[in-house]
């Protein structure tokens, strides 16, 4: 997208703010620093690696990152032979890297910058699939982060296994960590953990569907607005188990804004960063309709066990 077009889109979004509940900020080179009050409960349209340098140090209570997965999917067209339709995989430019080295460098830089804006007892969540989660885990440890848990998201409606040459990929992994092994008094809500997991202690397996149905954002042609939109229920669990009301949450790669959307409904404050103006536009549209969350059910109730 050309720079003039990007600027035009951002200006249009800022003008629409008068009827929206989400503040949109266009990051500019001449902006050297942001104040907390200026960015509170906003979405900053800009490059996360640049924007993070402008944010005050140690202000966030929790950070959620949904980074590129570097899926390296084949360009070969996949078809559902029974219904003669095409499988829409992830083929976005933001998921493309020239090598593992380039990807690792990107993740390392991101996690280094993020660490600077985390409070001393803040926690970090980062999600990915088998394609890159192990690389991310190593980078976290190399940078001094201390891993508290991994959470296995078991999908009840994963992408079908069309070729049948390997196991159906039905999980994603979330790594939950703190800045270093000496961190104490981070937020952990054991009662919610017990509700969302199995058993009395709150296990690290969450069973829920991928984003679908009316929750899935689609354009006028029916195309997905974001290829990896995360479900509201997933962010609800992340936020309720690791933050308190009034806490400040950061999502530096916000996509279509699920983190902020859920945070607002749960009475948390947030800052989101997103580079793609189209994703910012769709986020703004979401915020025009307040999110009402149903009462949390236990994992056993959801699965009718």
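The values are calculated or read from the model by the stated rules, or taken from the named source; none is laboratory data. These figures come from a predicted structure and were not determined experimentally. Here the Cβ is made from the backbone with ideal geometry for all residues, glycine too, and neighbour counts use every protein chain on show.
Could you grab me the full set of residues in the stretch 249-260 that are under 25 Å from residue 204 (Cβ atoms) and either touching a helix residue (DSSP H, G or I) at 6+ places or on another chain (Cβ under 6 Å) or surrounded by fewer than 24 Cβ atoms within 10 Å (Cβ to Cβ) (or both)?
Once the filter is applied, which keeps residues that are under 25 Å from residue 204 (Cβ atoms) and either touching a helix residue (DSSP H, G or I) at 6+ places or on another chain (Cβ under 6 Å) or surrounded by fewer than 24 Cβ atoms within 10 Å (Cβ to Cβ) (or both), the stretch 249-260 yields 249, 251, 252, 253, 255, 258, 259.
Which residue, of 120, 184, is exposed (fewer than 15 other Cβ atoms within 10 Å of the Cβ), in contact (Cβ under 8 Å) with a residue 60 or more places away in the chain and not in a loop (DSSP other than H, G, I, E, B)?
120
Give the residue that is farthest from residue 237 (Cα to Cα), with candidates limited to residues of the stretch 131-162 that are part of a loop (DSSP other than H, G, I, E, B) and either in contact with a strand residue (DSSP E or B) (Cβ under 9 Å, 6 or more places away or on another chain) or free of Cβ contacts under 8 Å to residues at least 40 places away in the same chain (or both).
It comes out as 162.
Checking residue 9 against (1) at pLDDT below 95; (2) part of a loop (DSSP other than H, G, I, E, B); (3) touching a strand residue (DSSP E or B) at 6+ places or on another chain (Cβ under 9 Å), only one condition comes out false. Which one?
Unmet for residue 9, out of (1) at pLDDT below 95; (2) part of a loop (DSSP other than H, G, I, E, B); (3) touching a strand residue (DSSP E or B) at 6+ places or on another chain (Cβ under 9 Å): (2).
Would you check if residue 198 is in contact (Cβ under 8 Å) with a residue 24 or more places away in the chain, surrounded by fewer than 19 Cβ atoms within 10 Å (Cβ to Cβ) and under 21 Å from residue 264 (Cα atoms)?
Here the answer is no, as residue 198 does not meet what is asked.
So is residue 184 in contact with a strand residue (DSSP E or B) (Cβ under 8 Å, 6 or more places away or on another chain) and more than 23 Å from residue 209 (Cα to Cα) or not?
Yes: the conditions hold for residue 184.
Quick check, is residue 262 closer than 25 Å to residue 122 by Cα, outside any strand (DSSP E or B) and modelled with pLDDT under 95?
So residue 262 does not fit the description; no.
Could you tell me how many of the residues in the stretch 270-284 are assigned to a helix (DSSP H, G or I) and in contact with a helix residue (DSSP H, G or I) (Cβ under 9 Å, 6 or more places away or on another chain)?
Qualifying residue count, the stretch 270-284: 6.
So that you can scan it fast, the table gives a plain yes or no per residue for (1) out of contact with any strand residue (DSSP E or B) (no Cβ under 6 Å at 6 or more places or on another chain); (2) modelled with pLDDT under 95:
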residue: 201; (1), (2): yes, yes
residue: 210; (1), (2): no, yes
residue: 214; (1), (2): yes, yes
residue: 230; (1), (2): yes, yes
residue: 238; (1), (2): no, no
residue: 243; (1), (2): no, no
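How many residues are in a loop (DSSP other than H, G, I, E, B) and either free of Cβ contacts under 8 Å to residues at least 60 places away in the same chain or closer than 20 Å to residue 171 by Cβ (or both) if we restrict to the stretch 202-221?
11
Tell me yes or no: at least one residue of the stretch 263-285 is within 13 Å of the chain's Cα centre (by Cα), free of Cβ contacts under 8 Å to residues at least 40 places away in the same chain and under 23 Å from residue 61 (Cα atoms).
Yes: the stretch 263-285 contains one or more residues that are within 13 Å of the chain's Cα centre (by Cα), free of Cβ contacts under 8 Å to residues at least 40 places away in the same chain and under 23 Å from residue 61 (Cα atoms).
Scan the stretch 237-253 residue by residue and report those that are within 16 Å of the chain's Cα centre (by Cα) and under 15 Å from residue 40 (Cα atoms).
Those that are within 16 Å of the chain's Cα centre (by Cα) and under 15 Å from residue 40 (Cα atoms): 248, 249, 250, 251, 252.
Go through the stretch 32-57 residue by residue and tally those that are in a loop (DSSP other than H, G, I, E, B), out of contact with any helix residue (DSSP H, G or I) (no Cβ under 7 Å at 6 or more places or on another chain) and surrounded by fewer than 16 Cβ atoms within 10 Å (Cβ to Cβ).
Adding up the residues that qualify gives 3.
Just to check your reading of the model, which residue among 88, 29 is loosely packed, with under 13 Cβ neighbours inside 10 Å, assigned to a loop (DSSP other than H, G, I, E, B) and at pLDDT 60 or above?
29 is the lone residue from the list that is loosely packed, with under 13 Cβ neighbours inside 10 Å, assigned to a loop (DSSP other than H, G, I, E, B) and at pLDDT 60 or above.
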